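A.B. asks: Here you go, one structure.
The values are calculated or read from the model by the stated rules, or taken from the named source; none is laboratory data. These figures come from a predicted structure and were not determined experimentally. Reconstructed Cβ throughout: ideal geometry from the backbone, glycine too, with neighbour counts over all protein chains shown. Surface accessibility is based on the protein's heavy atoms, side chains included, excluding ligands, DNA and RNA. Shrake-Rupley method; radii C 1.70, N 1.55, O 1.52, S 1.80 Å.
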Amino acid sequence: MPANHTTYIFDFDSTIIQVEALDILAKVGLANHPKKDEQLAQVQNITKMAMEGRYSYQESLSERFALLNLTSAHLEQAIEIIKEHITPSIERNKDFFKNNADNIYILSGAFIEIVWPIVQMLGIKRHHVFANRLLYDFESSIIDYDRTNPLAHDQGKVVVTQMLNLKGNVVVVGDGYTDYEIKANGAAHTFVAFTENVARESVTKNADIVVDELEGLFISCQIPYINKHSHKKVLLLENIHPFVQHFFKNAGFEVENLPNALNENELINKLQDVSILGIRSKTEVTSTVIEKCPTLEAIGAFCIGTNQINLATCSQQGIAVFNAPYSNTRSVVELALGEIILLVRRAISMDHKMRNNLWDKSSKGAHEVRGKTLGIIGYGNIGSQLSILAEAVGLRVHYYDIEDKLPLGNAKVCHTLEDLLNSSDIVTVHVDGRKENEHFIGKNEFAMMKDGAIFLNLSRGFVVDFAAMVQALESKKLSGVGVDVYPEEPHGSNGTFQTPLQKFDNVFLTPHIGGSTEEAQQNIGEYVTKNLHTYSMDGSSIGSVNFPQLNLPSMNYPQRIIHIHKNVPGILAKINSLFAEHETNIEGQFLKTNQDIGYVITDINQEIEDTVLGKLQSIPHTIKVRILNKSS
């Protein structure tokens, strides 16, 4: 056996399937019971407590079984229901189970009579499936379950795993506390909390890895599995986190990954035949680029802002744009707070002197942040979180925002920018990239600040008039400055850079790294990638900044037709009239609009002909039509 051999133990309930099998049995068995609702709620509550580790599994199974009053007919009904509730990421990765059947086990507290008909569809071997078993009388009526089975007892999964004596690396994947117990008792090396269907805090806090779909397991455990269903191309620029490339490759996409941004002509050349583009903040996606790249379906901005993308043209061309508005918030806040403390203490100036062989041990001009007033301009995701952490170190917080925002903690709202600037010892800017914010802070605003104020900008370079900031430093109006963003920045990570701020010893300069932590970049990578992938594979537009937000179910029919059009009346009627004309049965339909775009998704029970597709594309005001075929 190779040294790197890995065995995977999967839970069944809420992992392989979306539901708890006993809960489904309860719904079926109690359907005609006079106290159906009461007893069903009792079953579900016992299940929840047991899965969270707050109740004995042995007792929970016994109590739930006593409430069920099961028959063989109930089992058959439950199986048919559960077959419709296979977890989506398990369903779309059936080949993974078939190809790795020798290394996959199923351990479940559910009954084998239900578990086996489901997992055999995944190609799992029968002798790799362990579950509880029902007992029958001579007339084949269910009378009990086998109470001698280890899985009917507390720590049952631990006992079975130890009996299997598995060699090599053992990875447990599940949603419940009983799955974690396998790792906790030394019978497995890694516990992966699977949260696609349910996330239990008592479980996730003990996990080595948390994944919200099966593809996350492939990435985290570096499993060389590739879904063969997709043949689309992805272009990634600007050193996007390795997770992104790995994810798309595993999903069957062809990926090109480049370290730097590209200019307009280079980008147009690279985007031919590309479906998905991933960028950060340096790449400019202009209207010319968008109009000359007809295969482009979606753009992922692996950052907060999208002002580098022409959103209006993307909408006109039917290209969905996704970003990560929250994923790097903590990283930016920590950098801002760190700079505030260092600038107030004059530590930046002292560091500069030490590097120039000067020993200036003095407390003059150095202060604690406790009791000082921090003025936050822009009380959004970053500004509000900074507010909380700043109060924790003793700062008083004032904030100003053009929108009404409720204060967090003891923060005080300022109704005008002037009020905030007049009252703050430290001013930090956290506004977005809209054009109106150009030179939002200039000569007049610096003049309104207290003499000797500290100033930080970690938002956008063009927000601050740099010449006015240099003048404020030279006149001692500002006693310290922290800057992470600049009006013009190099496209690559190793470019040369000059700024007039470099001559000051009381200025903290960083190269646009506010969100550049490994944690933030991975969070951004995971969030944007999964949204892009879901949009590409089933049309869900959750997380898009320019499309109507639709969270779609997995595809259960042969074909899904996506019709993107200008938001004008009557389009849905024309689409349905066309389907009716060609005797196409609609199995499901979804519509959402925003100010500019109408987004219609139609699931049908057959593959449409090219002539129908052509007519759909010819409907007036149509922007784009996408056809998605269900994976086999």
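A.B. asks: Please list, in chain and number order, the residues 5+ apart from Leu236 or on another chain whose amide H is under 5 Å from its amide H, with Hs placed from the backbone.
C.D. replies: Residues meeting the criterion, in which the H sits 1.01 Å from N, are Glu256, Asn257, Leu258, Gly278.
A.B. asks: Turning to a different aspect of this structure: List the lysines whose Cα lies under 23 Å from the Cα of Lys35, skipping any in the same chain that are fewer than 8 positions away.
C.D. replies: Hits, sequence-local ones excluded: Lys27, Lys48.
A.B. asks: Okay, moving on. Report, in debye and to the nearest 20, how large the dipole of the stretch 464-591 comes out about its Cα centre when Lys and Arg carry +1 and Asp and Glu carry -1 on their Cβ. Walk me through the numbers on the way to the answer.
C.D. replies: Numbers: 7 positive and 13 negative charges, 61 e Å.
So the dipole magnitude of the stretch 464-591 works out to roughly 300 debye.
A.B. asks: In straight Cα distance, which lysines are under 22 Å from Lys167, not counting same-chain residues fewer than 8 positions off?
C.D. replies: Within the straight-line limit of under 22 Å, Lys167 reaches these lysines: Lys98, Lys125, Lys157, Lys183.
A.B. asks: From the Cα gyration tensor of the stretch 308-413, with a ≥ b ≥ c the square roots of its eigenvalues, which class applies: rounded if a/c is under 1.5, or else prolate if a/b is larger than b/c, or else oblate?
C.D. replies: Oblate.
A.B. asks: Skip the ligands, DNA and RNA, and give the accessible area per residue of the stretch 243-349 with a 1.4 Å probe, whole Å². Before the final figure, lay out each step's value.
C.D. replies: Details: 3930 Å² over 107 residues.
Ligands and nucleic acids excluded, the result is 37 Å² per residue.
A.B. asks: If amide H atoms are built 1.01 Å from N in the plane of the peptide, which residues on other chains or at least 5 residues away come under 5 Å of the amide H of Ile17?
C.D. replies: Thr87
A.B. asks: Would you mind telling me the share, in percent, of accessible area of the stretch 571-632 contributed by carbon and sulfur at probe 1.4 angstrom?
C.D. replies: The nonpolar share, carbon plus sulfur, comes to 45 percent.
A.B. asks: Can you give the Kirkwood hydrodynamic radius of the stretch 19-78 from its Cα pairs, in Å with one decimal? Mind showing how you got there, number by number?
C.D. replies: Working: mean 1/r = 0.0869 Å⁻¹.
One over the average 1/r among Cα pairs gives 11.5 Å for the stretch 19-78.
A.B. asks: Still on this model: With the full set of protein chains in place, find how many percent of the accessible area of the stretch 1-109 is carbon and sulfur; take the probe as 1.4 Å.
C.D. replies: Numbers: 2140 of 4820 Å².
Here it works out to 44 percent.
A.B. asks: Are there GluC sites (Glu not before Pro) in the stretch 362-412 that DSSP puts in a loop and that have at most 12 other Cβ atoms within 10 Å, and which ones? Intermediate values should be presented prior to the final figure.
C.D. replies: Working: sites: Glu368, Glu391, Glu403; in loops: Glu368, Glu403.
Here the sparse-neighbourhood loop sites are Glu368, Glu403.
A.B. asks: What value, in deg cm²/dmol to 500, does the helix sum -39500 (n - 2.57) over DSSP H runs of n ≥ 4 give at 222 nm once divided by the residues of the chain? Spell out each step's value before the answer.
C.D. replies: Details: 24 runs with 223 residues, N = 632.
Taking each H run of at least 4 residues, the total per residue is -10000 deg cm²/dmol.
A.B. asks: Under 22 Å between alpha carbons, and skipping anything fewer than 8 positions from Lys443 in its own chain: which lysines qualify?
C.D. replies: Lys435, Lys476, Lys477, Lys503
A.B. asks: With a cut-off of 8 Å between alpha carbons and a minimum separation of six or more residues, what is the relative contact order of the chain in percent? Mind showing how you got there, number by number?
C.D. replies: Working: 1194 pairs, mean separation 57.0, N = 632.
So the answer I get is 9 percent.
A.B. asks: Take Asn605 and Lys83, extend 7 Å from each Cα along the Cα→Cβ direction, and tell me the distance between the two endpoints in nm.
C.D. replies: According to this spin-label approximation, the distance is 1.6 nm.
A.B. asks: Here is a follow-up. Find the Rg to Rh ratio for the stretch 281-352, where Rh is the Kirkwood radius over alpha-carbon pairs and Rg uses the same atoms.
C.D. replies: Details: Rg = 18.6 Å, Rh = 14.8 Å.
Taking Rg over the Kirkwood Rh, I get 1.26.
A.B. asks: When averaged across all projection directions, what area in nm² does the alpha-carbon convex hull of the stretch 61-166 cover? Please list the in-between numbers first.
C.D. replies: Working: hull surface 30.2 nm².
Mean shadow area of the hull around the Cα atoms is 7.5 nm².
A.B. asks: Roll a 1.4 angstrom probe over the protein heavy atoms and tell me the percent of accessible area of the stretch 162-265 that is carbon or sulfur. All intermediate terms of the calculation are to be shown ahead of the outcome.
C.D. replies: Numbers: 2010 of 4510 Å².
The C+S portion of the solvent-accessible surface of the stretch 162-265 is 45 percent.
A.B. asks: What's the extension gain from Asn307 to Lys361 if we count 0.36 nm per residue and subtract their Cα-Cα distance? The partial results should precede the final answer.
C.D. replies: Values: separation 54, 0.36 × 54 = 19.44 nm, distance 4.55 nm.
Between Asn307 and Lys361, full extension yields 14.9 nm more.
A.B. asks: Going by a ≥ b ≥ c, the root eigenvalues of the Cα gyration tensor, does the stretch 249-388 fall in the rounded group (a/c under 1.5), the prolate group (a/b larger than b/c) or the oblate group? Before the final figure, lay out the partial values.
C.D. replies: Values: a/c = 3.32, a/b = 2.32, b/c = 1.43.
Judged from the Cα gyration tensor, the stretch 249-388 comes out prolate (a/c at least 1.5, a/b above b/c).
A.B. asks: Right, next: Grab the stretch 278-413 and count how many Lys pairs have their alpha-carbon atoms under 17 Å apart, sequence gap of 8 or more, or different chains. All intermediate terms of the calculation are to be shown ahead of the outcome.
C.D. replies: Values: Lys353/Lys361; Lys353/Lys364; Lys364/Lys372; Lys372/Lys412.
Within the stretch 278-413, the lysine pair count is 4.
A.B. asks: To continue, here is another question. When the C-alpha atoms of the stretch 162-271 are aligned to their principal axes, what extent does each axis show, in angstrom, from largest down?
C.D. replies: Its Cα atoms span 61, 29, 23 Å along the three principal axes.
A.B. asks: Please report, in Å, the Rg and the Dmax of the stretch 557-632, where both are computed over Cα atoms only.
C.D. replies: Calculated on Cα positions, Rg and Dmax stand at 11.7, 37 Å.
A.B. asks: Tell me whether the stretch 372-423 comes out rounded, prolate or oblate; compute the Cα gyration tensor, take square roots of the eigenvalues as a ≥ b ≥ c, and use a/c under 1.5 as the rounded threshold. Don't skip to the end; give the middle numbers.
C.D. replies: Working: a/c = 1.95, a/b = 1.21, b/c = 1.61.
Note, shape of the stretch 372-423 comes out oblate.
A.B. asks: Amide H of Arg133 versus every other amide H placed in the peptide plane: which residues, excluding those fewer than 5 positions away on the same chain, fall under 5 Å?
C.D. replies: So Arg133 has HN proximity to Ile112, Asp146.
A.B. asks: Do the alpha carbons of any pairs in Lys530/Lys574; Lys233/Lys566; Lys232/Lys566 sit beyond 29 Å of each other, and which pairs?
C.D. replies: On the way: Lys530/Lys574 33 Å; Lys233/Lys566 27 Å; Lys232/Lys566 26 Å.
Distance filter (> 29 Å) returns Lys530/Lys574.
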